[in-house]
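Visitor: Just dropping this structure here.
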Amino acid sequence: MKFSEFTYEHLDYEQMKQNYVRYLQELGSCNDPVSFMKVFDELNQFRGHVSSMQTICSIRHTINTADEYYDKENEYWDTTMPLFQMYEVEMAKLLLNCPFRDELDIPEAYFLTLENTLKSFSPKIIEDLQEENRLATEYGKLKSSAEIEFDKEVYNLASIAVKMNDDDRDVRKRATQAYLRFFEENEDRFDEIYDRLVKVRDTMARKLGYENFIPLGYIRMNRLDYNQQMVENYRRQVLKDIVPLSVELRQRQARRIGVERLECFDLNYNFKSGNPKPHGNLDELVQAALQMYTEMSAETGEFFRMMVDQELFDLPTRPNKEMGGYCTGIYDYKVPFIFANSNGTAGDVDTLTHEAGHAFQAYCTIPKVRIPDLCFPTMEAAEIDSMSMEFFAHPWSHLFFGE
């Protein structure tokens, strides 16, 4: 089944609430681990379905933020998911306080994330969470609305990257100025969104008893085994060891491309002969990726063939499409989905390697994992999968770039 054929249904909050309460009551009345796991599995099927509908809506909304139906549905989920969090907390309490917790077929790490659920939520921050969601949506729609006029053509924030990497330095400069002009013209709106986000997150943290948002931010990202002090030390190491190396590399780049001083519009231009550009259109790049993954291993070949057959990616940039790229998973259908803004630069190949690394992990995990929350690692750990795939893909670079 292709992604365009995936069913989306509007889920009524009151009905979801009744279902969740019923499962929680059944969970609370279980007297042994077998019956507990049976109900917990049913609850997770329900939670997975809710997650799937929200995810399908989110994907279709980011593909076209001007679609009125999915825009309204996205607003609904922005409001509804924080309400849903109340029942997630009750589930967490039942699991953490279960008298036969050690006998449950649940990884210990999951209980640590449940403790973070309790530390990061209270009914008194529901309206703040809803506002945070609304602001994030507003930010995405603002960026997707960009129409940048340059040399009698109209670009968005992704497509103008081709001109920002042009061999002609004057073109790079003018394209970068046109890109930045969009942010200058919308500076007040960007600043307002940022200001409101900072304030609402600080407000939530203080309502939950934290000094500021920093400790709450660590908890929300499920940073279970390192803390703020470790990251401060890491930043010092970056300043001491990485920044000098970065400066040296930039100086070498300036000499290589023949400029006395690197300007902002030079930073992404690496070679006087021009940056690597992928050969062929997007369809040809996808076919090259299919060949690569087929040769890489039987598993990766099966994975990418499924992605192609079910059209589980949306790659080209277009008007009203949100910027950036991501990989997500759809629990009901047991598949990943890749979102990107391909623009004719080497970044298009990054998508077919980096995001495919996330997608391959999800392909291996979603069908086997009983708890939807565990289908993806935490943010930093997830990059092991994506960055590793970039390295695995290197021997096939010629399929995308020729010589």
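Visitor: Could you sort 78, 167 by accessible area so the largest value comes first, with the probe set to 1.4 Å?
Guide: 167, 78
Visitor: Using a Cα-Cα cut-off of under 22 Å, which lysines could be cross-linked to residue 272, ignoring same-chain neighbours fewer than 8 residues away?
Guide: Filter leaves 163, 173.
Visitor: Next question, about the same structure. Among the chymotrypsin sites (Phe, Trp or Tyr not before Pro) within the stretch 255-348, which fall in a DSSP loop and have no more than 12 other Cβ atoms within 10 Å of their own Cβ?
Guide: Of the chymotrypsin sites (Phe, Trp or Tyr not before Pro), the ones in loops of the stretch 255-348 whose Cβ has at most 12 other Cβ atoms within 10 Å are 271.
Visitor: A further question on this structure: Under the Kirkwood approximation applied to all pairs of distinct alpha-carbon atoms, what is the hydrodynamic radius of the stretch 215-343 in Å?
Guide: 19.3
Visitor: Taking the Cα atoms of the stretch 183-288, report the difference between the largest and smallest coordinate on each principal axis, in whole Å and largest first.
Guide: If we take the Cα atoms of the stretch 183-288, the spans are 57, 38, 37 Å.
Visitor: Of all the accessible heavy-atom surface of the chain, with the other protein chains kept in place and a 1.4 Å probe, what percent is carbon and sulfur?
Guide: Here carbon and sulfur together make up 51 percent of the probe-accessible area.
Visitor: Could I ask something else about it? Pull up all non-local amide H partners of residue 335: gap of 5 or more, or a different chain, and H-to-H distance under 5 Å with H placed in the peptide plane.
Guide: For residue 335, the qualifying residues are 330.
Visitor: Scan the stretch 248-310 for GluC sites (Glu not before Pro) in coil per DSSP, keeping those whose Cβ has at most 15 other Cβ atoms within 10 Å, and list them by number.
Guide: When the GluC sites (Glu not before Pro) of the stretch 248-310 are filtered for loop state and at most 15 Cβ neighbours within 10 Å, 260, 263 remain.
Visitor: Could you state the accessible area per residue of the chain in Å², with a 1.4 Å probe and every protein chain left in place?
Guide: Each residue of the chain exposes 53 Å² on average to a 1.4 Å probe.
Visitor: Next question. Which entries in 93/368; 199/334; 17/72; 17/143 show an alpha-carbon gap greater than 27 Å?
Guide: Result: 199/334; 17/143 exceed 27 Å.
Visitor: Additional query: List, in order, the whole-Hz ³J(HN,Hα) value for each residue of the stretch 80-96 obtained from phi through the Karplus relation with A = 6.51, B = -1.76, C = 1.60 and θ = phi - 60°; use x for Gly and Pro.
Guide: 7, 4, x, 5, 4, 4, 4, 7, 4, 5, 5, 4, 4, 5, 4, 6, 5
Visitor: Okay, moving on. Collect residues whose amide H, placed 1.01 Å from N in the peptide plane, falls under 5 Å from the amide H of residue 313; neighbours closer than 5 in sequence don't count.
Guide: 338
Visitor: Roughly how tilted is helix 187-207, in degrees to the nearest 10 and between 0 and 90, from the longest Cα axis of the chain?
Guide: Roughly 30 degrees between the two axes.
Visitor: Kindly sort 157, 249 by accessible area of their heavy atoms, largest first, with the probe set to 1.4 Å.
Guide: Largest to smallest exposure gives the sequence 249, 157.
Visitor: While we're here: Whole-Hz ³J(HN,Hα) for each residue in the stretch 238-253, computed from phi via Karplus 6.51 cos²θ - 1.76 cosθ + 1.60 with θ = phi - 60°, x for glycine and proline: what do you get?
Guide: So the Karplus estimates, Gly and Pro as x, are 4, 4, 6, 9, 8, 4, x, 5, 4, 4, 4, 5, 5, 5, 5, 4 Hz.
Visitor: Right, next: Could you tell me the distance between the Cα centroids of the stretch 56-106 and the stretch 284-316, to the nearest Å?
Guide: For the stretch 56-106 versus the stretch 284-316, the Cα centre distance is 30 Å.
Visitor: If you don't mind, there's one more thing I want to ask. Of [x] 25.5, 86; [y] 33.7, 104; [z] 23.5, 75, which is the value of Rg and Dmax of the Cα atoms in Å derived from the coordinates here?
Guide: Computed from the coordinates, Rg and Dmax of the Cα atoms in Å corresponds to [z].
Visitor: Quick one: which residues, 5 or more positions from residue 155 or on another chain, have an amide H under 5 Å from its amide H? H modelled 1.01 Å from N in the peptide plane, none for Pro or chain starts.
Guide: Hits under the 5 Å cutoff: 148, 149, 150.
Visitor: Now for a separate question. Apply the Karplus parameterisation 6.51 cos²θ - 1.76 cosθ + 1.60, with θ equal to phi minus 60°, to every residue of the stretch 327-343 and state each ³J(HN,Hα) to the nearest whole Hz, in sequence, with x for glycine and proline.
Guide: 10, 9, x, 10, 4, 4, 9, 6, 9, x, 9, 10, 10, 8, 10, 5, 9
Visitor: May I ask you to order 84-91, 199-206 by the average number of other C-beta atoms within 10 Å around their residues, highest value first?
Guide: Descending packing order for the listed peptides: 199-206, 84-91.
Visitor: Largest first, what is the accessible-area ranking of 135, 282 with a 1.4 Å probe?
Guide: The residues order as 282, 135, largest area first.
Visitor: I'd like to compare 353-365, 32-44: which one has the highest average count of other Cβ atoms within 10 Å, and what's the full order after that?
Guide: 353-365, 32-44
Visitor: Measure off 7 Å from each Cα along the Cα-to-Cβ vector at residue 211 and residue 384, then give the distance between these two points in nanometres to one decimal.
Guide: It is 3.2 nm.
The values are calculated or read from the model by the stated rules, or taken from the named source; none is laboratory data. Keep in mind that this is a model prediction, so the values were computed, not measured. Every residue, glycine among them, receives a Cβ derived from its backbone with ideal geometry; neighbour counts consider all protein chains shown. Remember, those area values only see protein heavy atoms, side chains included, never the ligands or the DNA or RNA. Shrake-Rupley method; radii C 1.70, N 1.55, O 1.52, S 1.80 Å.
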